[in-house]
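What follows is a short report on a single structure.
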Amino acid sequence: MSRPVLTLLLSLSLLLAPAAARAYSIGSGFTTSCHEVVTFSGLIDLVEAADTSTLKLPESDVWRRVAAEVGPALRATNPDAPPPSDLTDQQNFLMWSVIVGVRAPDVEGHSVSDLAALREIQADPSNDGQYLHALRGTSDDGVEGDLVAIDGTKRILREVMARARMAKDRPRIIKVPFYLDFYGKMQVDVAELAYLLGRAAHTLQDSYAHMLRSDDGVTVFHVSNYLEAINGTLSESRDGLAHSDSLDDCTRPIDVLTGRAAAVTDALARASKAYLDGDEAPFEKGLAPCQPNETDLTTCSWIDYNPSCAAALADGDEAAEEKQCCRGDNAYCGSKWLPIFREAQSKPYLEAVFGCSVSPARGRCQNGARGLFAALALAALRRRRGARVSAACLMLSGLASQPAPAKASSREIADRAPSPASAAAPLWKNEPYFVELEGHLSVFSDAPDTSMINLTTGYALRGGYRWGPWGVLGHIERNYWLPTEYSTALASGVLNLGVGGEFFFAGGFARSSVTIGPSILLFDTALHDAGRTGFFFDVRPIGVRYPLHEHIVIALDPLTVAYVQPIVFDENIIRLVEYRTVLGVEAVF
Amino acid sequence: LTSEGYYLQGEGNVSIIAQSAASDSPGTFFRAFGFSAKGGHRWGNKAVFVTLEGSFWRSPLVEGGSELVMATNIGVGGEILSAGGMLRTSLAFGPSILTIPPKVDEAGKVGIFFDLRPIGCRFRLSQALVLGVDPLSFNVTVPVLSGIPLIEIEYRTSVYVEHAF
């Protein structure tokens, strides 16, 4: 595929992706693996030092194969991460469980481009749904709202730790959902304790991305707001700063924050060990302000609100509150992170994608609609001038006109009006053989519990024999797949080999066809090797055909459905339902 | 099949097969369905129409299970007949009203929808009745535009009966 085309398709895919990047981004085909990097950095020493010899491993090795597949992508931005071969199986399983846990609050095992799931997870209108990510609830207004949100975030952390303590009494391996490219949502084994630690780490790390902090990253000055920002109802003075995508991006110059997030993740893990042994003090110390004589600042003040403001609020001292609390009118106490925070703040999703506000709170549509209308006008002008006709216009305008039989070999036949199917038969007897080269493209999936992007493309060679309105054909096809979760490198996909039949009607202008045959996997996936063979079928309900020349026909199938399943008999199968548009050139002889 | 004048259509549609989310399932069948009524005026092989549609789909929940969601689509559109009226291409668009909301939304939100039917077949049943089949069409319903938008993409198969006046 040419680079411009691939770029266009990736851009289209990206339009659907940004919702995934709400916290420290999790690794995906579109986002940097910040949560994973911070967790890896924070925990690797601990994992390497831990005695994991008694850790039970799952019977299935699916986790190992999936970890091997996604690990390189998740570690790509963390060159310091040791290769899995440096760790024991138990250590790898422990780290795997933590990483699955740290990703979970953002996607809960769904695709990063599954908008239906993301809006349920990330646009959860309950306050707890926001505290899970160290953000304000919708009712947390003003500086008082900062404190409420911080208390809520700490409560979420305590609840996760309580769940972990319960799990300690019955240490076990559990299955949790995990989305893998081409396979969809699968169940993977994790160690429950480590998984819960990962979930707790997610919330704690988010407090370094979603809370505006002091220059050293220790003191919280302000808590940001995601929900009202994307709903277009945010008033900064009341609802707080809009959540910032820039601070979510650990590749920005925020090393102080990411470094401290990693350090407190390590401290959280150590405190968790003590907590599970019955000593809650280290964990509670982490949630409390550091004492003046504290030497290790990573063990305290994990989420410590500006103490002078907190005191003013507690005392009801409005003058002190005015002076000590961080707001827009005092540039949030001069936090050096503020300029970065303001760089890419969240806004209504469609406004972010199209540069057009559709929120009632923002008023009328701006650039996006203007651009759309301009594009439509341009298309109309082009059509009027007959300069360039797109495939879609060709189809629509062609349908409006009286079509010539596509395989007409004489002017007499070409000039005839379309005939019913029964009358079309004689047109196809004289030149029975055909060869067709075609390309196909699918863009969207139509199920809300998967990635909305189902970008597949490829080409095929078809050939066959026709008699009357009927034909038989052979079909050889390369079908490439674009992943969305951990990469955007086009996968080799499958080789489909099929036989089928076709039927012409409307005077040879319209064609229906069905093809079926084996589908051969052409690349090694996480769970299966290249060469595995399943089946595919391709149904083309109605396509249209236009004669270019006596022996050349353009064929357009505007919507077809192909079911591709190279892995059939297994616990986890690959099956793609591809709704394609197919454009081909056919030679008849 | 290309008679002039007013017509009414009653239609049912269904998404026969969709990508399945689960890695151990071949696909999701009959996930979405809908009903619509259309009325329009035809001039030879061209027509304009208004449409009222109830669009239903099952939306999986993160914690398991699913919920039924409905949007009411009110649109205007145009269609072009070809091959002596045997083939039809149509496009419709208009507001989409969230009628049965998912749990994170409220009913009454208004967005947009569009419905593209590249090619469908039509068969005469009687002097005034036509049976139509759109084997595959593309429908995008976005009843919630704010926040993270609620986007429902469907590839539908539709059957309709048309009565000409």
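A few points about this structure:
- Calculated Rg and Dmax of segment A:234-288 using C-alpha coordinates, Å: 16.0, 45
- Taking the convex hull of the alpha carbon positions in segment A:485-529 and averaging its projected area over all directions gives 5.2 nm².
- Förster radius 45 Å - calculated FRET efficiency between residue B:133 and residue A:571 (Cβ-Cβ, nearest 0.05): 0.70
- Annotation: average projected area of chain B is 9.9 square nanometres, based on the convex hull of Cα atoms across all directions.
- Note on segment B:11-123: with neighbouring protein chains present and a 1.4 Å probe, carbon and sulfur make up 74 percent of its accessible heavy-atom surface.
- Debye-sum result for segment A:533-574 in log10 I(q)/I(0), which assumes one identical scatterer on each alpha carbon, at q = 0.28 Å⁻¹: -0.91
- Pairwise label distance in nanometres, residue A:174 with residue A:461, each label 7 Å out on the Cα-Cβ vector: 5.4
- Long pairs among A:347/B:103; A:168/A:273; A:154/A:285; A:56/A:168, criterion Cα-Cα beyond 19 Å: A:347/B:103
- Approximate spin-label separation residue A:155-residue A:281, in nm, with each point projected 7 Å along Cα-to-Cβ: 2.8
- Stokes-Einstein diffusion for segment A:432-526, with the hydrodynamic radius set to the Kirkwood value over Cα pairs and evaluated at 20 °C in a medium of 1.002 mPa s, equals 142 µm²/s.
- Taking the convex hull of the alpha carbon positions in segment A:55-178 and averaging its projected area over all directions gives 9.8 nm².
- FRET E, pair residue A:318, residue B:56, Förster distance 56 Å, beta-carbon r, rounded to 0.05: 0.55
- Descending principal axes extents, segment B:28-86, alpha-carbon based, whole Å: 53, 23, 13
- Sites residue A:551 and residue A:89 - FRET efficiency at Förster radius 56 Å, r taken between beta-carbons, to 0.05: 0.30
- Using every pair of separate Cα atoms, the Kirkwood estimate puts the hydrodynamic radius of segment A:127-272 at 16.5 angstrom.
- Heavy atoms of residue B:72 accessible to a 1.4 Å probe, total area in Å² rounded to 10: 30
- Taking label points 7 Å from Cα along the Cα-to-Cβ direction, residue A:499 and residue B:70 give a separation of 4.9 nm.
- Distance between segment A:128-204 and segment A:212-283 - C-alpha centres, whole angstrom: 14
- Scattering curve values for segment A:234-329, log₁₀ I(q)/I(0), Debye with Cα scatterers, q = 0.11, 0.22, 0.23 Å⁻¹: -0.49, -1.12, -1.13
- Computed over the Cα atoms of segment A:465-589, pair by distinct pair, the Kirkwood hydrodynamic radius stands at 15.8 angstrom.
- Sequence-distant aspartates and glutamates (8 or more away, or on other chains) whose Cα lies within less than 15 Å of residue A:336: A:215, A:216, A:255
- Fully extending the segment from residue A:492 to residue A:238 would add 86.3 nm, taking 0.36 nm per residue of separation and subtracting the current Cα-Cα distance.
- Rh (Kirkwood; distinct C-alpha pairs) - segment B:68-165, Å: 14.7
- Shape box of segment A:315-354 [Cα atoms, principal axes, largest first, Å]: 46, 21, 13
- Computed with a 1.4 Å probe over protein heavy atoms only, the accessible surface of segment B:3-139 comes to 40 Å² per residue.
- Taken across both chains, chains A and B shield about 4600 Å² of accessible surface from a 1.4 Å probe.
The values are calculated or read from the model by the stated rules, or taken from the named source; none is laboratory data. Because the structure is a prediction, the values reported are computed rather than measured. Virtual Cβ from ideal backbone geometry, glycine too; neighbours counted across all protein chains shown. Areas reflect the complete protein model, heavy atoms only, side chains present, ligands, DNA and RNA absent. Shrake-Rupley method; radii C 1.70, N 1.55, O 1.52, S 1.80 Å.
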